[in-house]
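Colleague: Handing you a structure now.
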Amino acid sequence: MDSAAAVVAQPDELHDAAATALLPEVLLRPQPPCDWRLPYGWHPSQFGELRLPAGPGPFPVVVGIHGGWWRAAHGLETHAHLCAALTRLGYATWNIEYRRVGEAGGGWPGTLQDVGAALDYLAVIAAEFNLDLARVVPVGFSAGGQLALWAAARAAFAAGHPLHEATPLPVSAAVALAGAVDLARCAELQLSKGIVAAFLGGDPAAVPERFAAASPAQLPIAVPHTLVHGSADSSVPVEISQRYHAAATARGAACELVVLPGVEHFDLIDPLSPAWPAVARAIHDRLGPPATS
């Protein structure tokens, strides 16, 4: 759950009843159940929630990556309504949790390593749940948008790099919803009380190599990817996606930008919002039809 500065309480206030009342309505609804909760690692935060649609499959997979500015105060429950809605549309959804800032191993590089491990775990369970590994698309919201596009560039890391994986599971595309896809710009704007520096352990001048390895704006993303952003977003300004898109298309990347007029931050993960048809269409365009023919 990413906190909109003008609307949502800061993390240390979230246990206060008055602050909770300010949360977006989508985050106050009862949680939709998952079909399976599966660990992909040893840490309590290394697990995912798998939802499967009706039918025999094989099922294309949305890897859901929640936001929350990488803070331990916010978890995958904020992404649950989006994942449940996509499962109703016929997609398997793997809503992942990961170590975050404020818990052991969170931040650099553990958060990124966990996202990679959760993605690779799909290969372990694919046969049991009839998952279509040729059609796997990470869909991330806010800070999760950074993680979704980062996941699409994992093959770029050479042996010896802390983020290297010899055989990373490939993704066919990626989608960032109100994504924090340019970490240097997010740090410059001091978004969410300067959380980027806490996430990466310093500012761009202090740890430039970490920004180069974590920020989608500095990574070679070879697969098609889509940015969806509301023009009225007060948590991650729409300029973040606009700047990224301009630079990506200038270097020939297959990147699409969808700006939704008047749409706010949390509208993008709310299946009951007017923005939802555009979000679902963007995901469908990258993932394809729910079932193979």
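We did not get these values from a lab; they are worked out from the coordinates using the rules stated. Every value quoted in this text rests on a predicted model; they were computed, and no experiment measured them. Please note: Cβ atoms are built from the backbone with ideal geometry, for glycine as well, and neighbour counts cover all protein chains shown.
Colleague: If you stretched the chain out fully between Ala156 and Ala232, how much longer would it get, using 0.36 nm times the residue separation minus the C-alpha to C-alpha distance?
Modeller: Values: separation 76, 0.36 × 76 = 27.36 nm, distance 3.40 nm.
The span from Ala156 to Ala232 would gain 24.0 nm if fully extended.
Colleague: Taking Cα pairs under 8 Å and at least six residues apart, what relative contact order does the chain come out at, in percent? Can you show the working numbers first?
Modeller: Details: 643 pairs, mean separation 52.2, N = 293.
The normalised contact order for the chain reaches 18 percent.
Colleague: On to the next question. For Asp203 and Asp120, compute 0.36 nm times the residue count separating them, minus their Cα-Cα distance, and round to one decimal in nm.
Modeller: That pair, Asp203 and Asp120, stretches by 26.9 nm at full extension.
Colleague: Multiply the residue gap between Lys193 and Trp42 by 0.36 nm, knock off their C-alpha separation, and tell me the result in nm, one decimal place.
Modeller: Stretched fully, the Lys193-Trp42 segment lengthens by 51.3 nm.
Colleague: While we're looking at this one, here's another question. When all C-alpha to C-alpha distances in the chain are sorted into bins of 5 Å, what percent of pairs does each bin hold, rounded to whole numbers?
Modeller: Pairs per bin, as whole percents: 1, 6, 13, 19, 21, 19, 13, 7, 2, 0, 0.
Colleague: Top mean-square fluctuation among Val228, Val124, Val279, Gaussian network model of the chain, C-alpha springs under 10 Å?
Modeller: Val124
Colleague: Where the centre of each part is set by its Cα atoms, how far does the stretch 233-275 sit from the stretch 140-203, in angstrom?
Modeller: A separation of 16 Å, based on Cα centres.
Colleague: While we're on this one: Report the relative contact order of the stretch 184-293, percent, no decimals, based on alpha-carbon pairs under 8 angstrom and at least 6 residues apart. It would help to have the intermediate numbers written out before the result.
Modeller: Values: 121 pairs, mean separation 24.0, N = 110.
Computed value for the stretch 184-293: 22 percent relative contact order.
Colleague: What translational diffusion coefficient, to the nearest whole µm²/s, does the stretch 167-293 have by Stokes-Einstein, given a Kirkwood radius computed over alpha-carbon pairs, a temperature of 4 °C and 1.567 mPa s viscosity?
Modeller: Value of D from the Cα-based Kirkwood radius: 83 µm²/s.
Colleague: In Å, what Rg and Dmax follow from the Cα atoms of the stretch 155-210?
Modeller: 13.9, 36
Colleague: Starting from the Cα of Ala54, move 7 Å in the Cα-to-Cβ direction to define the label point; list residues of the stretch 69-99 whose amide nitrogen is under 12 Å from there.
Modeller: Only 88-90 fall inside the zone, counting backbone N under 12 Å.
Colleague: As a footprinting exposure proxy, order Cys255, Cys34 by other Cβ within 10 Å, with the fewest listed first.
Modeller: Final ranking by Cβ density, sparse to dense: Cys34, Cys255.
Colleague: List the trypsin sites (Lys or Arg not before Pro) in the stretch 222-293 that DSSP assigns to loop (not H, G, I, E or B) and whose Cβ has at most 15 other Cβ atoms within 10 Å. Which are they? Numbers along the way, then the final one.
Modeller: Numbers: sites: Arg243, Arg251, Arg281, Arg286; in loops: Arg251.
Passing sites in the stretch 222-293 are Arg251.
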